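Step one of this worksheet: look at the structure below.
The values are calculated or read from the model by the stated rules, or taken from the named source; none is laboratory data. Computed from a predicted structure; not experimentally measured. Here Cβ is always computed from backbone atoms with ideal geometry, including for glycine, and neighbour counts include all displayed protein chains.
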């Protein structure tokens, strides 16, 4: 995340923070234009809903700007903002009426009676087959994520996309590191099955 | 079943006890993430040397992780929707005019 901050910060962060603390509208717009894309993408992936993601990002910016006095600059401002939006998105998910979690079992690896892996016919895909158009990949990712149960999707996103550690992810999700590790592995395994099946349907 | 697969099975059954694919599978994620202890890491590595099915499986598993990561990164490089920028800037202005609102 810090790398992303640096890539996205072609401005003087101290000056930006001073502008925000002084209520400068141009600083506010610069902040949103610079970091809003990544925050929106993260909120949308977690919430699986455009309108909720808009609300969540707006809320995150309002809280951040109101709390700008508390920003100490130890992490980059982008990392700080990102943490706020992820926390808010997870709070929204908790507040939603919980759906019963669908089982992932049919998407997990299969073993024979001796414990040896059963290789599904034609399942493996090769790297060139993943050379999809950018929009196509994005649409496919949205579809695959939507098919994972919330609890597994959240772990996958926080660990593999947002790059939080197992311990940080456990704290954010109010669970244990052991549960995070198990869910991450199952989510990745399910995603592998879903991706291979999507690519096979697409005819690659 | 190929001769190679038969030999893999024989080795796992009689020499590498407790290292069936099913025993190894739950540890593959931690193996990739580098968070396994030394003994368990060695177990997984030995199994992978012997078992082509698990090596292939792990390659696909890793490609799935890379697909998610790469696609998500590409999504993040998009600018925020213009409507979102306007909406946030307006909300911040309203909030600053009336600090209790929002």
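Of note:
- Answer from A:23, A:19 - the residue that is modelled with pLDDT under 95 and not in a helix (DSSP H, G or I): A:23
- From the list A:94, A:44, A:83, the one residue that fits, being at the interface with chain B (Cβ under 9 Å from one of its Cβ atoms), out of contact with any strand residue (DSSP E or B) (no Cβ under 6 Å at 6 or more places or on another chain) and part of a helix (DSSP H, G or I), is A:44.
- Considering (1) within 23 Å of residue A:60 (Cβ to Cβ); (2) facing chain A (nearest Cβ under 7 Å); (3) at pLDDT 90 or above, the lone condition that residue B:56 does not fulfil carries the number (1).
- Taken over the range A:47-75, the residue count meeting the criterion of being more than 8 Å from every other protein chain (Cβ to nearest Cβ) and farther than 18 Å from residue B:84 by Cα is 9.
- Selection from the range B:68-102 of residues that are surrounded by fewer than 16 Cβ atoms within 10 Å (Cβ to Cβ), under 19 Å from residue A:192 (Cα atoms) and at the interface with another protein chain (Cβ under 7 Å from one of its Cβ atoms): B:69
- Scanning the range B:27-51 for residues that are closer than 18 Å to residue A:110 by Cα and either in contact with a strand residue (DSSP E or B) (Cβ under 9 Å, 6 or more places away or on another chain) or surrounded by fewer than 15 Cβ atoms within 10 Å (Cβ to Cβ) (or both) gives a single hit, B:51.
- The range B:80-102, residues that are outside any helix (DSSP H, G or I) and at pLDDT 90 or above: B:80, B:81
- With respect to the conditions (1) crowded, with 19+ Cβ neighbours inside 10 Å; (2) over 22 Å from residue A:184 (Cβ atoms), residue B:65 falls short on a single one, namely (2).
- Of the set (1) within 10 Å of another protein chain (Cβ to nearest Cβ); (2) at pLDDT 90 or above; (3) surrounded by 19 or more Cβ atoms within 10 Å (Cβ to Cβ), all apply to residue B:20 but (2).
- Candidates in the range A:159-190 are the residues that are in contact (Cβ under 8 Å) with a residue 60 or more places away in the chain and assigned to a helix (DSSP H, G or I); of these, the one that is farthest from the other protein chains (Cβ to nearest Cβ) is A:172.
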